[in-house]
Amino acid sequence: MVTIPIGTKTFGGIKTIESTPLITQFFMIGYVPIIPIKSFYLLHEYEVERGLLSHKQEMRIINLKNISFISVGFAYLRAFFIISAFFSIAYLLTGQGSSQNILIPIALFILSVTIIFFSYKLGQQISITEKTIRKAACSSIGLAIDPAIIEEEIARNISHLLDLELKRNGCNDWKLLLEEIAQNTSFFKIRKNEKYSINIKNLLLVKIRAAIGCKEIKLSKALDLIQELLVEDISNQEK
């Protein structure tokens with residue numbers, strides 16, 4: 001008797017930075033994603049138990065506030081064409097139809113494999129802004145995440161941690177520092193200015209994102225401008 005596995009599984013891995021992908025957990029039937037449950041940053045996954053027919057894995061994750069529709073879209077896309085490729089191969093192996101009819105399943109198999117391949121390539125495309133934010137977070141707190149889109153309580157804890165790190169680096173009032181940057185953007189761009197070292201810039205960028213994530217501050221045009229300045233300067237220094 002064939003048993004069809006039913007349970008939960010992760011699909012739709014995208015935007016991997018420093019070995020940390022954004023991924024979605026689904027309710028699945030037969031390893032086919034059916035209903036998305038939650039999206040999260042997958043920090044680490046390790047096997048804790050394994051048998052002949054089954055295995056169990058534990059994950060360290062940071063949940064997102066909302067389900068990532070991009071991740072969900074890639075999960076469904078990949079599942080559809082994996083199934084399509086499977087049925088194409090099954091049709092060819094069973095030898096159904098004449099030799100003239102095998103061209104369609106062969107073409108469908110090639111198309112499916114090609115789309116699956118490029119879906120993994122496209123899934124890793126990430127904007128310079130998001131890449132810079134997540135690399136700054138990895139440098140500052142050891143987690144390649146964007147604190148603005150994670151669960152509010154976790155973002156608040158990260159925000160408190162960054163307050164301590166900023167004070168340890170000589171910044172006692174990060175909001176005052178934001179005002180200084182907004183008033184004098186040219187001075188901010190002077191790289192030799194120790195007040196705006198790369199470490200402070202990384203911490204400040206991640207602090208802004210964490211503060212947004214825990215609703216400590218609200219988005220505004222001035223804040224957007226400061227984030228753009230920080231992203232541009234940090235990304236330029238990394239080149």
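The values are calculated or read from the model by the stated rules, or taken from the named source; none is laboratory data. Remember, it's a predicted structure, so these values are computed and weren't measured experimentally. Virtual Cβ from ideal backbone geometry, glycine too; neighbours counted across all protein chains shown. The area values use the complete protein model at the heavy-atom level, side chains included, leaving out ligands, DNA and RNA. Shrake-Rupley method; radii C 1.70, N 1.55, O 1.52, S 1.80 Å.
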Original post:
Hey, what number do you get for the chain at 222 nm if only DSSP H runs of n ≥ 4 count, each worth -39500 (n - 2.57), divided across all residues, to the nearest 500?
Top reply: -17500 deg cm²/dmol
Original post:
When only Cα pairs under 8 Å and 6 or more residues apart are kept, what is the percent relative contact order across the chain?
Top reply: 16
Subject >> Inter-label distance, nm, simple model (7 Å from Cα along the C-beta direction), Gln124/His160 >> reply: 3.8
**OP:** Express the accessible area of the chain per residue in Å², computed with a 1.4 Å probe while the remaining protein chains stay in the model.
**Re:** 60
Original post:
In the chain, with Lys and Arg counted as +1 and Asp and Glu as -1 at Cβ, which of these residues, Leu204, Ala148, Ile217, has the Cα nearest the positive end of the dipole, that is, farthest along it?
Top reply: Leu204
Subject >> Carbon/sulfur fraction of accessible area - the chain, other protein chains in place, 1.4 Å, % >> reply: 59
Original post:
Given 0.36 nm per residue, what is the gain on full extension from Ile6 to Asp224 after removing their alpha carbon distance, in nm?
Top reply: 74.0 nm
**OP:** Quick one: net charge around Ser119, please, counting Lys, Arg +1 and Asp, Glu -1 for every other residue with C-beta under 15 Å from its C-beta.
**Re:** +3
Original post:
By the gyration tensor of its Cα atoms, with a ≥ b ≥ c the square roots of the eigenvalues, what is the shape of the chain: rounded for a/c under 1.5, prolate for a/b over b/c, or oblate?
Top reply: prolate
